[in-house]
2 protein chains.
Amino acid sequence: MAYIYDIYEENCPTRQVLDRLADKWALLILDQVQAAPKRFNHLRRDIKGISQKALSQTLKKLERDGLVSRTVYPSVPVTVEYALTPLGGTLKDTVAAIAHWAERHMDSVLEAQQAYDTALAAR
Amino acid sequence: MAYIYDIYEENCPTRQVLDRLADKWALLILDQVQAAPKRFNHLRRDIKGISQKALSQTLKKLERDGLVSRTVYPSVPVTVEYALTPLGGTLKDTVAAIAHWAERHMDSVLEAQQAYDTALAAR
DNA sequence: CCGCATCCATCTCGATACTG
DNA sequence: CAGTATCGAGATGGATGCGG
């Protein structure tokens, strides 16, 4: 399978996909939804610091990209569940890999930052 | 090794690391630098569409995080090379995984977007 | 060649208020 | 419960010009 697009070209579709993943909240949402479907306010509660606007927008983008499904249950009041689609499921391992890297190397990064900052301050 | 921090908490260091990777350009730069060190304008040329400001800023962030090293060769005119640090090297596989996912599933995402958009327009 | 400083347009984001 | 609408502030991004 040959790739038509060059990832370093502008407007390359791969870039767009990358940009979606490079969203501040997308990865966290995908990780939250990954185990089991979750309701809107459930996500809002669990992902500390996200505004309802940001959550709403990011969910809509993820839905548009086919990574997350949105299911409305006509109860009163309405219940809406967000779940990982099969396509989204193919991302699970990758998302997990990123999260694990972040957890494992967090300390090193923090150290590097301190070293950098003190070196800067010394000059 | 137990993790003190909750990834879903605000101001959790893992979040900060995640935010760095969630940069529009960081992944592309890491991928560019991964194989061999590159000069500033080399990166600028190869990563189409990046402004020199964005490149400069992102490189500085990556350097601060200890993922990329910056070496100045006192030639005339100056040559500056950016390379992956050992810490940055531990990210190689993860970055590659993301890029591969994007390439492999790009078409599906594009389809999903079209389906979403036409469904929206129909209403 | 490598970058910083500045200016300015754009956009994103959060807070708030309101609807089905 | 699950959003949309609106508005203002702050961050962001590109273009330009200059300095080491």
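The values are calculated or read from the model by the stated rules, or taken from the named source; none is laboratory data. Remember, it's a predicted structure, so these values are computed and weren't measured experimentally. Here Cβ is always computed from backbone atoms with ideal geometry, including for glycine, and neighbour counts include all displayed protein chains. Ligands, DNA and RNA are stripped out before the accessible areas are found, and what is left, the full protein with its side chains, is counted by its heavy atoms. Shrake-Rupley method; radii C 1.70, N 1.55, O 1.52, S 1.80 Å.
Things to note:
- For the stretch A:46-61, filtered to residues that are more than 10 Å from every other protein chain (Cβ to nearest Cβ) and assigned to a helix (DSSP H, G or I), the residue that is farthest from DNA strand C (Cβ to nearest atom) is A:59.
- Of all residues in the stretch B:86-115 being buried (at least 18 other Cβ atoms within 10 Å of the Cβ) and more than 8 Å from chain A (Cβ to nearest Cβ), the one that is nearest to the chain's Cα centre (by Cα): B:95
- When residue A:121 is tested against (1) modelled with pLDDT under 95; (2) assigned to a strand (DSSP E or B), exactly one condition is not met: (2).
- Filter pass, residue B:118 being more than 8 Å from chain A (Cβ to nearest Cβ) and either at negative phi or open to solvent by less than 60 Å² (accessible area, probe 1.4 Å) (or both): yes
- Within the stretch B:62-82, considering residues that are over 15 Å from residue B:28 (Cα atoms) and part of a loop (DSSP other than H, G, I, E, B), the one farthest from DNA strand D (Cβ to nearest atom): B:66
- Number of the condition not met by residue A:73 [criteria: (1) surrounded by 13 or more Cβ atoms within 10 Å (Cβ to Cβ); (2) touching a strand residue (DSSP E or B) at 6+ places or on another chain (Cβ under 6 Å); (3) more than 8 Å from chain B (Cβ to nearest Cβ)]: (1)
- Within the stretch B:76-85, being among the hydroxyl-bearing types (Ser, Thr, Tyr) and more than 9 Å from chain A (Cβ to nearest Cβ) holds for B:79, B:82.
- There is no residue in the stretch A:26-38 that is surrounded by fewer than 20 Cβ atoms within 10 Å (Cβ to Cβ) and within 15 Å of DNA strand C (Cβ to nearest atom).
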